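Have a look at the structure below before the remarks.
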Amino acid sequence: MMGDLILRAANDLKNSQHAIVLTGAGMSTESGLRDFRGPKGLWTTNKEAETKAYERYDLFLRDPRAYWEEMLGKEDAHGAFYNDLRKAEPNAGHYALANLEEAGVIKCVITQNIDGLHPKAGSKNVIEFHGSVNKLRCASCGSRSGFEEDAMETLPPLCHCGGFLKLDVVHFKEPIPLDVMGKAEDEVEKCDVMLICGTSAVVYPFAGLPRAARMSHGSGTVIIEVNAEPTPLTNDGISDYLLQGKLGEILPKIVEPVLKRG
Ligand code: APR
């Protein structure tokens, strides 16, 4: 069963013209980072942290200094979480996707993850749909820069234009930057295979991307899920099939036949 699905996914990818990959927090649990809604997820186990996450964008708009104190706080659940993200290393799943891109089989990774592990594994064309803990963005002019600890001497950090800098992370209720949304929609429009890895597919607008692909391409797009559990995309018949299990084990098994010579 699983063996057949692995070969089916390998063939679908091999025969694709423009395959893209969509990823979520399930990609990084085998790097020691927690996901959000899995059995040991951040939100599953700490509802207060989830509530605070929903209020974070409002906090930034209301009191940028308090926002930064929370973001940098070592003791605060989220401050510590962000620091863990920066220390994590890619796992076999990230490297498998980087290998597929290097072989020209996949064209792009659109990730919800802010941990920067896809670029760290060598993936080049990565759209960080929810931003990155390694970047800052100006709330006024939109310019981006790298996250430097010493820029945090004075809080809140200011942009050269005088605007307030925030983490280039999209918080709940914060709009996806237009440049990011435009690139993602362009990739979804072009794709004929969409591999969806490690997401519960419940947070919009990201969760709408596979539905948009199905709506605009009908059966012209093959949508494959790799996840520990079925998702609404599985249950609503948006995905063609689900490889249920651990990404760090399954993705390398898909890559092997794809990259095999001959
Ligand atoms: N292999 C396969 N699947 C896994 C693995 C693994 N090693 N580990 C976890 N999963 C699955 C979980 O079972 C779950 O279905 O990955 C999925 C992760 O779902 P979420 O925790 O909801 O993460 P995600 O979908 O990325 O969340 C979306 O919500 O809180 C916001 O901004 C945050 O980007 C995040 C967004």
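The values are calculated or read from the model by the stated rules, or taken from the named source; none is laboratory data. Values in this document were obtained by computation on a predicted structure and should not be read as measured data. Counting neighbours? That spans all protein chains shown, and the Cβs are built from the backbone with ideal geometry, glycine included.
Can you work out which of the residues in the range 53-69 that are under 15 Å from residue 167 (Cβ atoms) and of a type in the set (Lys, Arg) is surrounded by the fewest Cβ atoms within 10 Å (Cβ to Cβ)? Filtering first and then ranking leaves 65. Of all residues in the range 39-86, those satisfying the criterion of being aromatic (Phe, Trp, Tyr) and at pLDDT 90 or above are 43, 54, 57, 60, 67, 68. Looking only at the range 21-32, residues that are part of a loop (DSSP other than H, G, I, E, B) and near the ligand (Cβ under 7 Å from one of its atoms) come to 1 in all. With the structure loaded, tell me whether residue 53 is within 12 Å of the ligand (Cβ to nearest atom) and either assigned to a helix (DSSP H, G or I) or not β-branched (Val, Ile, Thr) (or both) or whether it fails that test. Spelling it out, residue 53 is indeed within 12 Å of the ligand (Cβ to nearest atom) and either assigned to a helix (DSSP H, G or I) or not β-branched (Val, Ile, Thr) (or both).
So in the range 198-225, with the set limited to residues that are farther than 19 Å from residue 40 by Cα and among the aliphatic types (A, V, I, L, M), which one is surrounded by the most Cβ atoms within 10 Å (Cβ to Cβ)? Per the criteria, the residue is 213. Of the set (1) away from the ligand (no atom under 12 Å from the Cβ); (2) under 25 Å from residue 255 (Cβ atoms); (3) in contact with an Asp or Glu (Cβ under 8 Å, 6 or more places away or on another chain), all apply to residue 106 but (3).
The rows are residues; the columns are (1) within 16 Å of the ligand (Cβ to nearest atom); (2) farther than 21 Å from residue 153 by Cα; (3) within 16 Å of the chain's Cα centre (by Cα).
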site	(1), (2), (3)
7	no, yes, no
19	no, yes, no
34	yes, yes, yes
46	yes, yes, no
86	no, no, yes
94	yes, yes, yes
